Amino acid sequence: MERWQPYLDRFRSLSPELRLQWLLRYAKNFPPLPKELAEARDAGLNRVEECQTPLFLWVAVRDGVVTLHADAPRDAPTVRGFVGFLMEVLNGAPAAEVAQLPLDLLDRMGLGEVLGVLRTQGLGSVIRRIRAAARAASAGEG
């Protein structure tokens, strides 16, 4: 079973209101961007252009293991919450597993119905970017 399945099951079991509240818990625990990446962010590198929110995302794969770092404004709690969720669940995961992250993850979490279309599209691009980086790293190993 993929490491994210218990989280998806938990999200789906909650009412739409509670799903958002649980997502906001991840926003409150959003880790700070490492200082060595702050300069790159300030230069505009690694921005997820598809997101209306200024979101910056780094996907690193070292020795087959994924590490995510991100930065998003505090006034974008749902974006911070979803990306914080991804960081908690995917950091330390094997790249081959992360490469299989479902494209419909937001729907599987029951968030597609509570987030707006634009936000869902932007967050979908985050999933695609993470998958692509993990796939590229996995292909390089074989």
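Taken together, the values in this text are just the output of simple stated rules run on the coordinates, not laboratory data. This structure is a prediction, so every number in the text was calculated from the model and none was measured. Here the Cβ is made from the backbone with ideal geometry for all residues, glycine too, and neighbour counts use every protein chain on show.
One table, with the values for the structure above:
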quantity: Principal axis box of segment 41-93, alpha-carbon based, largest edge first, Å; calculated: 33, 23, 17
quantity: GNM flexibility winner over the chain from Leu90, Leu37, Leu24 (Cα, springs under 10 Å); calculated: Leu37
quantity: Rg over Rh [alpha-carbon atoms, Kirkwood Rh] for segment 74-121; calculated: 1.00
quantity: Spin-label model distance (nm) - Ala139 vs Glu50, 7 Å beyond Cα toward Cβ; calculated: 1.7 nm
quantity: Extended-chain gain in nm, criterion 0.36 nm per residue less alpha-carbon gap, Glu88 and Ala43; calculated: 13.6 nm
quantity: Volume per residue of the C-alpha convex hull in the chain, rounded to whole Å³; calculated: 103 Å³
quantity: Fully extended contour minus Cα-Cα distance, from Asn29 to Val65, at 0.36 nm per residue; calculated: 10.7 nm
quantity: GluC sites (Glu not before Pro) within segment 4-89: DSSP coil, no more than 15 neighbouring Cβ in 10 Å; calculated: Glu49, Glu50
quantity: Calculated [θ] (222 nm, deg cm²/dmol) that DSSP helices of n ≥ 4 give over the chain, each run adding -39,500 (n - 2.57); calculated: -16500 deg cm²/dmol
quantity: Distance in nm between pseudo-label sites at Thr120 and Arg10 (7 Å out along the Cβ direction from Cα); calculated: 2.4 nm
quantity: Relative contact order of the chain, pairs being alpha-carbon contacts under 8 Å that are 6 or more residues apart, as %; calculated: 29 percent
